[in-house]
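The values are calculated or read from the model by the stated rules, or taken from the named source; none is laboratory data. The shown structure was predicted, so the numbers you read here are calculated from the model rather than taken from an experiment. Note: ideal-geometry Cβ built from the backbone for every residue, glycine included; neighbour counts use all protein chains shown.
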Amino acid sequence: MKKFIEKLSNSELEKVFNNNKKLREQVRDRALDSEHYYISDILRCFQGNAIRDYSIGIGRPSYMNVGEVYKFEEGVLKACKDFGILSDKEEKEFIEKMGEFQKEIEAIEEEDGDNVYDDCLVVEDEVEAYLQTIADQIVKMMVGWLEYKYDGEGLYEEFLENYLYDMEEDFYYVDCEDYILKSDTTITYN
């Protein structure tokens, strides 16, 4: 029995999705393109030399190396404001921690002594290490988005939420015996 895709129940749509490898690949490609675009928007928050080097993806090492400390800090704050990359609690903790580092450096600079420069370097190393943990947290989150869309429930959700609507307009149907996706093309010459 021929049934158009817009007339299928949720359980039938799941059968269509599971029985059509090419459809899953198309949905995956489209979902990953969308996620990569979103990630690139977030990365644009990190201006100048805020990030020294990065790689974010699936099936390869993913990392982000902090470049200039204060530019990276500005980038994190902008990404929080524009995209909410940290929870409100995490953002508050980030701002407080960076403030503590700043106060510590200012206190050291006010001291007289031979170790001021060395003491500032120690704190700056702590700042860089802290920011690297934030960078690692951001990368882990981004890779999680990609992995969720790459396979499993995230991919099926992408199909239902973003891909299915386009298919309804193109007259796709299935045979209810095998749920293999088919399409009729009608050409009219007037």
Checklist line | Considering residues of the stretch 37-52 that are without any contact (Cβ under 8 Å) to a residue 60 or more places away in the chain and part of a helix (DSSP H, G or I) only, the residue farthest from E158 (Cα to Cα) | finding: L43
Note to self: Condition (residue is over 26 Å from G57 (Cβ atoms), modelled with pLDDT under 90, of a type in the set (S, T, Y) and touching a Leu at 6+ places or on another chain (Cβ under 7 Å)) applied to the stretch 155-174: is it met by at least one residue?
What the structure shows: yes
Margin query: If a residue must be crowded, with 17+ Cβ neighbours inside 10 Å and either under 15 Å from V139 (Cα atoms) or among the aliphatic types (A, V, I, L, M) (or both), how many such residues does the stretch 5-42 contain?
Written below: 11
Checklist line | Matching residues in the stretch 99-122 - criterion: being aliphatic (A, V, I, L, M) and either modelled with pLDDT of 95 or more or over 24 Å from F46 (Cα atoms) (or both) | finding: A107, I108, V116, V122
Checklist line | Cross-chain or 6+ apart pairs with Cβ under 8 Å, the stretch 90-114 first and surrounded by 15 or more Cβ atoms within 10 Å (Cβ to Cβ) and of a type in the set (D, E, K, R), then outside any loop (DSSP other than H, G, I, E, B) and at pLDDT below 95 | finding: E104/V123
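Got at least one residue in the stretch 70-86 being over 30 Å from C120 (Cα atoms) and either within 12 Å of the chain's Cα centre (by Cα) or at pLDDT below 95 (or both)? Give the steps one after another, and end with the answer.
Within the stretch 70-86, the first condition is being over 30 Å from C120 (Cα atoms), and the residues that meet it are 82-84.
Checking the rest, the ones that are also either within 12 Å of the chain's Cα centre (by Cα) or at pLDDT below 95 (or both) come to 83-84.
Within the stretch 70-86, one or more residues are over 30 Å from C120 (Cα atoms) and either within 12 Å of the chain's Cα centre (by Cα) or at pLDDT below 95 (or both).
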